[in-house]
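I am attaching a structure below and will ask some questions about it afterwards.
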Amino acid sequence: MAEIVGGVATSHVPAIGAAIDHGKQAEPYWAPYFEKIEPARAWMAEVDPDVCIVAYNDHASAFSLELIPTFALGVAPEFPPADEGYGPRRVPVVQGHPELAWHLAESLILDEFDITIVNEMPVDHGLTVPLSITCGEPEAWPCKVIPLCVNVIQYPAPTGHRCHELGKAIRRAVQQFDGDERVVVFGTGGMSHQLQGERAGLTNVDFDLAFMDTLIDDPEAQALVPHTEYMREAGSEGIELVMWMIMRGALSPRVKEVYRGHHVPTSNTSNGLLVLENA
Ligand code: DHB
Ligand code: FE
């Protein structure tokens, strides 16, 4: 039986990827942030998972307004980094895990989640930046990755409750997979940020820290928080936080907080990082 051995949540700010790719980590703006990610990197290296299931959102890189799947699961053997306007990041091609991904697709769909199956998909900063944050700059990513792409850019996005329930269904599916894979589930995006409109630049640290507390201690209560509250309190892009609910749902009802990092700002974002293990 495969096993979920932990969860990671992290912001996926593209400027972090650019800072890594251009060797700016030691610059005064970035050094305090990069210091705070070290414990998460050390945990990833120690846990050394076989597979990461990464809940992230595409930012009009793989999908345009022509086609907007709510939940899209990548079943391909590999996923290239997307060209987001400056050429693709020079990071390794993501290696998938088609066997586990197809098992997830079957299990989730029979569990009544209407998942879109994706055979070909470039992956943008939503996925590659969290890998860079947690794995550094290896020649090849140290584990296989199953992308789970969530629509949070075109209204209506799925609710936090739906995302939490999907996480629970992922846990059931992984536990039924006939293999010995050790799996880490990622939720990416957030925390508070707004990139557009009158409130561009908004961050809300009080909301973000309270969100982390409730996510950890009482996810069923966090699952009842509606979109409007995320938007009001965390800004229009703060809605990305619903993807953290997928990660949380995939862990046991009680969890151990292994590491918490928070840094504000990175680019426009109040940046959060969590490492959780099943209690
Ligand atoms: C920023 C954050 C994001 O989550 C994103 O997708 C793009 C930009 C930012 O803070 O600049
Ligand atoms: Fe984003």
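For every helix of n ≥ 4 consecutive DSSP H residues, a contribution of -39,500 (n - 2.57) applies; sum these over the chain, divide by its total residues, and give [θ] at 222 nm rounded to the nearest 500 deg cm²/dmol.
Taken over the chain, the calculation gives -10500 deg cm²/dmol.
To continue, here is another question. So if I take the centroid of the Cα atoms in segment 72-148 and the same for segment 202-271, what is the distance between those two points in Å?
23 Å
Exposure proxy check: Glu66, Glu112 ranked by fewest other beta carbons within 10 Å?
Glu66, Glu112
Going by a ≥ b ≥ c, the root eigenvalues of the Cα gyration tensor, does segment 223-274 fall in the rounded group (a/c under 1.5), the prolate group (a/b larger than b/c) or the oblate group?
oblate
Taking DSSP loops as anything outside H, G, I, E and B, show the longest stretch in the chain free of trypsin sites (Lys or Arg not before Pro) there with at most 12 other beta carbons within 10 Å.
Answer from the scan: 91-198.
Filter the chymotrypsin sites (Phe, Trp or Tyr not before Pro) in segment 35-100 down to the DSSP loop ones having no more than 15 other Cβ atoms within 10 Å, then list what survives.
Tyr86
Farthest toward the dipole's positive end in the chain, which of Thr70, His164, Ser267, given Cβ charges of +1 (Lys, Arg) and -1 (Asp, Glu) about the Cα centre?
Ser267
Here's a follow-up. Quick one: which of Lys24/Lys256; Lys24/Lys144; Lys36/Lys256 span more than 24 angstrom between C-alpha atoms?
Pairs exceeding the cut-off: Lys24/Lys256; Lys24/Lys144.
Which value, in debye to the nearest 20, gives the size of the charge dipole of the chain about its Cα centre, when Lys and Arg are +1 and Asp and Glu are -1 at the Cβ?
360 debye
Now, a different point. Which residue, Gly136, Thr116, Ala105, has the largest displacement toward the positive end of the dipole of segment 75-151 when charges sit on each Cβ (Lys, Arg +1; Asp, Glu -1)?
Among Gly136, Thr116, Ala105, the one farthest towards the positive end of the dipole of segment 75-151 is Gly136.
Dipole magnitude of segment 122-279 about its Cα centre, charges +1 at Lys/Arg Cβ and -1 at Asp/Glu Cβ only, in debye to the nearest 20?
Computed charge dipole of segment 122-279: roughly 280 debye.
Rounded, prolate or oblate: which fits segment 3-278, taking a ≥ b ≥ c as square roots of the Cα gyration tensor eigenvalues, rounded meaning a/c under 1.5, else prolate when a/b beats b/c?
Since a/c stays below 1.5, the shape of segment 3-278 is classed as rounded.
We did not get these values from a lab; they are worked out from the coordinates using the rules stated. Keep in mind the model is a prediction, meaning the values are calculated, not measured. So basically every Cβ, Gly included, is an ideal-geometry build from the backbone, and we count neighbours across all protein chains shown.
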